[in-house]
Ligand code: CO
């Protein structure tokens, strides 16, 4: 069942999204060689607590941390750890914030110091693919229009689209229906209606889209060890177009 949200509910999700966006702005200032993803995780937990919010991922299906921290060949769901980030690394920080009962979800990939041209291309194309997907998130389009826009652009830039993890509707629960794949044919899938709230969260890889899961049961890596990036926003479908609830630079 697809749950339609009222304007009041979307306003609450936007408050959660604004707090989440502020976390990402703060993280952007923390990322440098030598910092650990555990320090970032502790910052997020403290920041949310100070603002009356909570990290929804912690305890979700047994996930142990406030954030997912996915370095280099890790696609998603990496555990924060005490290994210092190195110059040239890329790291995706993903989190879900609960505020006043409502959720927002956003992941962002960061460059650590100076990164290779290949890694810069991966980050730039992945971020642009998210925004091309968001452009399709309008009343009357179908989920497949979002999926297709992302896949078409990613593959035109010689990157592959992860199949195993997808976006989702979100509200009072982290994962609601429908799913939002980042690949597939246009004009298919559920039609977008005013009041739907979804995540779009493409994970793009330099090599194969195939993944494997570590023995911790969570960490998803590329099968070939090549690098992966991800950008994710929470988006409300409104009569005036897509409203990005987790926007970091509100225009
Ligand atoms: Co998500």
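The values are calculated or read from the model by the stated rules, or taken from the named source; none is laboratory data. None of the values given here were measured: they were computed from a predicted structure. So basically every Cβ, Gly included, is an ideal-geometry build from the backbone, and we count neighbours across all protein chains shown.
Here are a few things to note about the model shown:
- Test for residue 154: is it touching a helix residue (DSSP H, G or I) at 6+ places or on another chain (Cβ under 7 Å) and either in a loop (DSSP other than H, G, I, E, B) or at pLDDT below 95 (or both): no
- Candidate set: region 81-97, residues that are away from the ligand (no atom under 16 Å from the Cβ) and in a strand (DSSP E or B); chosen: the one farthest from the chain's Cα centre (by Cα): 84
- One residue from 226, 212 being within 20 Å of the chain's Cα centre (by Cα) and assigned to a loop (DSSP other than H, G, I, E, B): 226
- Scanning region 78-97 for residues that are more than 16 Å from residue 27 (Cβ to Cβ) and touching a residue at least 60 places away in the same chain (Cβ under 8 Å) yields a count of 1.
- Conditions (1) outside any strand (DSSP E or B); (2) in contact with a strand residue (DSSP E or B) (Cβ under 6 Å, 6 or more places away or on another chain); (3) more than 25 Å from residue 44 (Cβ to Cβ); number of the one not met by residue 177: (1)
This table checks each residue for (1) within 16 Å of the ligand (Cβ to nearest atom); (2) under 18 Å from residue 134 (Cβ atoms).
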| residue | (1), (2) |
| --- | --- |
| 154 | no, yes |
| 163 | yes, no |
| 167 | yes, yes |
| 176 | yes, no |
| 188 | no, no |
| 193 | no, yes |
| 213 | no, no |
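- Filtered residue count, region 98-119, keeping only those that are more than 16 Å from the ligand (Cβ to nearest atom) and touching a residue at least 60 places away in the same chain (Cβ under 8 Å): 9
- Count - residues of region 215-240 that are without any contact (Cβ under 8 Å) to a residue 12 or more places away in the chain and either within 16 Å of the ligand (Cβ to nearest atom) or under 25 Å from residue 65 (Cβ atoms) (or both): 2
- First in region 181-194 and in contact (Cβ under 8 Å) with a residue 60 or more places away in the chain, second anywhere and outside any loop (DSSP other than H, G, I, E, B) and exposed (fewer than 15 other Cβ atoms within 10 Å of the Cβ), Cβ under 9 Å, 6 or more apart: 190/2; 190/177; 193/2
- Here residue 32 meets the list (1) out of contact with any strand residue (DSSP E or B) (no Cβ under 8 Å at 6 or more places or on another chain); (2) surrounded by 15 or more Cβ atoms within 10 Å (Cβ to Cβ); (3) in contact (Cβ under 8 Å) with a residue 60 or more places away in the chain almost entirely, failing just condition (2).
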